[in-house]
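Since the structure comes first, as structure tokens, the remarks are kept for the end.
The values are calculated or read from the model by the stated rules, or taken from the named source; none is laboratory data. The structure displayed is predicted, hence computed values, not measured ones. Note: ideal-geometry Cβ built from the backbone for every residue, glycine included; neighbour counts use all protein chains shown. With ligands, DNA and RNA removed, areas are computed over all heavy atoms of the protein, side chains included. Shrake-Rupley method; radii C 1.70, N 1.55, O 1.52, S 1.80 Å.
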Amino acid sequence: RYGSDPSRYCFAQRRDVALKTILAFSHIEKAAGTTLIHILRRLYLLRFGAVTPLRGGKGPYLTIRDLDTFKRMNPWLRCISGHSIVPHGELRRLGAEIQFITQVREPVARAISQYKFWVRRMNKNVAAEEFLEHPTASNFQTKKVAGTEDLDLAKSIISKRYLAAGTVERFDEFLVLLAKKLGLPIDLFTYEKRNEARPGNGVEIPVGFADELARRTQLDLELYGWIDSELFDFYIASYDGDFMSDLQGFLELQRTTSPPSSPYLVDYIYRNAYWKPVSGVIRTLHGLPYSGSYGSS
């Protein structure tokens with residue numbers, strides 16, 4: 001157990017990722033993950049894989065056996081992403097063989113975006129009152145990290161197991177920090193925003209909905225604030241170089257250049273001709289739907 005003393009979190013200070021280490025993006029729903037995934041796809045190309053649980057009856061999260069299967073599908077696999085990737089599940093047993101990254105978002109905005117996505121894009125017939133009773137409306141981001149509503153445990157896991165954690169609202173700063181930790185040129189990280197919510201989508205938000213979400217996400221708000229201030233302060237203080245200068249350079253690159261498009265064709269063919277069909281068939285043979293973000297509980 002960990003108290004409130006920041007020095008007890010023992011922040012990890014990794015400068016790069018070893019050749020055989022798997023970089024794992026734990027994708028929190030509605031936290032700008034799609035944009036980051038496109039960056040990772042471009043960085044790792046055929047060494048990247050979007051992963052989901054492959055076997056029914058094993059719980060909702062990716063297992064070591066699932067990861068081993070994906071590594072057999074692609075022995076060069078070095079980066080994975082997915083909603084089912086969590087550090088509190090089986091993957092914690094891999095130790096330094098896997099290093100996590102994630103982004104969090106201001107919790108009320110994240111939950112409202114999730115609700116709108118369900119109604120507008122997934123065509124779920126769910127009332128706002130029903131949504132409030134769903135686990136995604138109550139400290140979802142803390143639970144995604146820790147597996148339970150334990151703020152200190154979430155902080156400890158991020159400090160010790162994550163290569164980097166950032167916030168959606170400081171996305172560019174997060175990318176500069178991540179580039180340094182991965183030992184890659186920052187010009188490879190320029191991006192186009194992906195999967196943005198459209199304004200005026202016609203989903204009505206009832207009076208008091210945001211206030212009730214705020215009440216149910218107090219731990220998420222504290223976790224978000226801790227990453228946004230204390231953890232980011234630590235990252236910047238230990239940055240190898242002039243962080244502000246590198247950030248300004250990246251912002252200029254982002255303003256004046258577009259990310260290269262040529263790798264996407266190779267990635268598209270690989271994903272749709274091999275990765276998705278093979279993993280989909282394996283899921284089906286083991287009692288899961290052909291596609292999906294999670295496994296059965």
Candidate set from region 70-96 (those that are of a type in the set (Gly, Ala, Ser) and touching a residue at least 24 places away in the same chain (Cβ under 8 Å)); member that is farthest from Ile39 (Cα to Cα):
Gly89
Could you list all residues from region 21-36 that are open to solvent by 10 Å² or more (accessible area, probe 1.4 Å) and either part of a strand (DSSP E or B) or touching a strand residue (DSSP E or B) at 6+ places or on another chain (Cβ under 9 Å) (or both)?
Thr21, His27, Ala32
Picking from Leu182, Leu163, Leu175, Leu188, the residue that is closer than 17 Å to Ile37 by Cβ and open to solvent by 60 Å² or more (accessible area, probe 1.4 Å) would be Leu188
Boolean, Arg92 is in a helix (DSSP H, G or I), within 29 Å of Asp172 (Cα to Cα) and in contact with an Asp or Glu (Cβ under 9 Å, 6 or more places away or on another chain)
no
Residues of region 65-93 classified as farther than 20 Å from Phe140 by Cβ and open to solvent by 30 Å² or more (accessible area, probe 1.4 Å), total
9
Conditions (1) open to solvent by 40 Å² or more (accessible area, probe 1.4 Å); (2) polar (S, T, N, Q); (3) within 25 Å of Ala146 (Cα to Cα); (4) in contact (Cβ under 8 Å) with a residue 12 or more places away in the chain: number failed by Gln254
(3)
Looking at the structure I just gave you, is Gln114 in contact with a Lys or Arg (Cβ under 8 Å, 6 or more places away or on another chain) and in a strand (DSSP E or B)?
no
What number of residues within region 98-126 satisfy the criterion of being modelled with pLDDT under 90 and open to solvent by less than 50 Å² (accessible area, probe 1.4 Å)?
1
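Yes/no matrix, rows are residues, columns are (1) open to solvent by 40 Å² or more (accessible area, probe 1.4 Å); (2) of a type in the set (Asp, Glu):
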| site | (1), (2) |
| --- | --- |
| Glu222 | yes, yes |
| Gly225 | no, no |
| Leu231 | no, no |
| Tyr235 | no, no |
| Tyr268 | yes, no |
| Arg271 | yes, no |
| Val278 | yes, no |
| Arg283 | no, no |
Matching residues in region 28-41 (over 22 Å from Val278 (Cβ atoms) and either touching a Leu at 6+ places or on another chain (Cβ under 6 Å) or among the charged types (D, E, K, R) (or both)) number 2
Selected residue [closer than 19 Å to Gln114 by Cβ, small (Gly, Ala, Ser) and either touching a residue at least 24 places away in the same chain (Cβ under 8 Å) or open to solvent by 10 Å² or more (accessible area, probe 1.4 Å) (or both)] from Ser156, Ser138:
Ser138
Scanning for something touching a Ser or Thr at 6+ places or on another chain (Cβ under 6 Å), at pLDDT 90 or above, of a type in the set (Asp, Glu) and closer than 15 Å to Ala109 by Cα, does region 199-212 turn up at least one residue?
no
With the requirement that a residue be at pLDDT below 95 and in contact with a Leu (Cβ under 6 Å, 6 or more places away or on another chain), what does region 44-83 give you?
Gly56
Take Ser293 and tell me if it is touching a residue at least 40 places away in the same chain (Cβ under 8 Å), outside any helix (DSSP H, G or I), exposed (fewer than 13 other Cβ atoms within 10 Å of the Cβ) and among the hydroxyl-bearing types (Ser, Thr, Tyr).
no
